[in-house]
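Please read the structure below before turning to the comments.
Please treat every number below as a calculation from the coordinates, not as lab data. As the structure is a computational prediction, the values presented were derived from the model and not from experiment. Counting neighbours? That spans all protein chains shown, and the Cβs are built from the backbone with ideal geometry, glycine included.
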There are 2 protein chains.
Amino acid sequence: MPAKMVALFTKPEDVEAFENHYNEVHAPLVKKMPNLDRLEVTRFIGAPVGEPRYYLMAEMYFKDKATMFASAGSEEGMACGKDAFIMSNKTVHMMFATVE
Amino acid sequence: MPAKMVALFTKPEDVEAFENHYNEVHAPLVKKMPNLDRLEVTRFIGAPVGEPRYYLMAEMYFKDKATMFASAGSEEGMACGKDAFIMSNKTVHMMFATVE
């Protein structure tokens with residue numbers, strides 16, 4: 001069963017600075033994660049009720065759970081997590097998941 | 001640019017009842033949404049820090065924003081949203097998004 005890490009970012013105070021950091025620094029770090037199959041970047045544009053709770057979601061796909069956990073724990077994975085934490089002013093919420 | 005609706009469900013009190021409803025009632029309703037390209041169902045199994053904030057995420061993919069909004073506003077889309085609302089005891093968080 002495929003697996004993915006999901007990172008949820010709330011709307012940053014400075015959207016432009018966040019976007020620049022995401023595209024120029026963070027995404028290249030993500031793409032260095034060992035055995036990453038695919039990165040999908042989602043930007044929330046609205047909600048049927050109220051406002052969207054998040055601004056951006058990054059989904060990092062792996063072939064299975066074991067590969068995901070190994071990649072997250074690697075030097076490259078840790079660098080990536082650290083950068084997400086800094087970039088989001090410590091508000092990023094990261095989760096591990098299985099995908100159907 | 002592809003688009004998707006994202007539904008985030010927190011952990012239900014009765015996981016088994018939720019799973020049964022999701023699989024037997026809700027997923028078939030989702031699959032009736034007009035012009036739905038794909039449904040991806042994610043189950044969160046952990047988090048690098050603390051506990052995962054959500055239990056399940058449903059992602060409904062469409063070819064573009066206009067198709068997504070039309071589908072969400074259709075009779076089938078409204079039935080689907082209503083069922084998600086009931087199934088989650090009004091806690092589901094739904095968002096519209098673009099996908100890169």
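Test of understanding: among B:73, B:50, which residue is within 20 Å of residue A:93 (Cα to Cα), within 12 Å of another protein chain (Cβ to nearest Cβ) and free of Cβ contacts under 8 Å to residues at least 12 places away in the same chain?
Working: B:73 fails: within 20 Å of residue A:93 (Cα to Cα).
Answer to the check: B:50.
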ask   = Has the range B:4-23 got any residue that is within 18 Å of residue A:44 (Cα to Cα), among the hydrophobic types (A, V, I, L, M, F, W, C), within 14 Å of chain A (Cβ to nearest Cβ) and free of Cβ contacts under 8 Å to residues at least 12 places away in the same chain?
value = no
remark   = In the range A:58-100, anything of a type in the set (Ser, Thr, Tyr) and under 13 Å from the mean Cα position of the chain (by Cα) is listed as A:61, A:88, A:91
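State yes or no: is residue B:54 surrounded by 14 or more Cβ atoms within 10 Å (Cβ to Cβ), closer than 20 Å to residue A:68 by Cα, among the hydroxyl-bearing types (Ser, Thr, Tyr) and within 16 Å of the chain's Cα centre (by Cα)? Full working, then the answer.
Numbers: surrounded by 14 or more Cβ atoms within 10 Å (Cβ to Cβ): yes; closer than 20 Å to residue A:68 by Cα: yes; among the hydroxyl-bearing types (Ser, Thr, Tyr): yes; within 16 Å of the chain's Cα centre (by Cα): yes.
Judged against the criteria, residue B:54 is a match.
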inquiry  = Checking the condition surrounded by 18 or more Cβ atoms within 10 Å (Cβ to Cβ) and more than 9 Å from every other protein chain (Cβ to nearest Cβ), which residue from B:84, B:97 passes?
reply    = B:84
query = Can we say residue A:92 is closer than 20 Å to residue B:43 by Cα, surrounded by 19 or more Cβ atoms within 10 Å (Cβ to Cβ), within 10 Å of chain B (Cβ to nearest Cβ) and touching a residue at least 24 places away in the same chain (Cβ under 8 Å)?
reply = yes
task = Please enumerate the residues belonging to the range A:24-40 that are within 11 Å of chain B (Cβ to nearest Cβ) and crowded, with 18+ Cβ neighbours inside 10 Å.
result = none
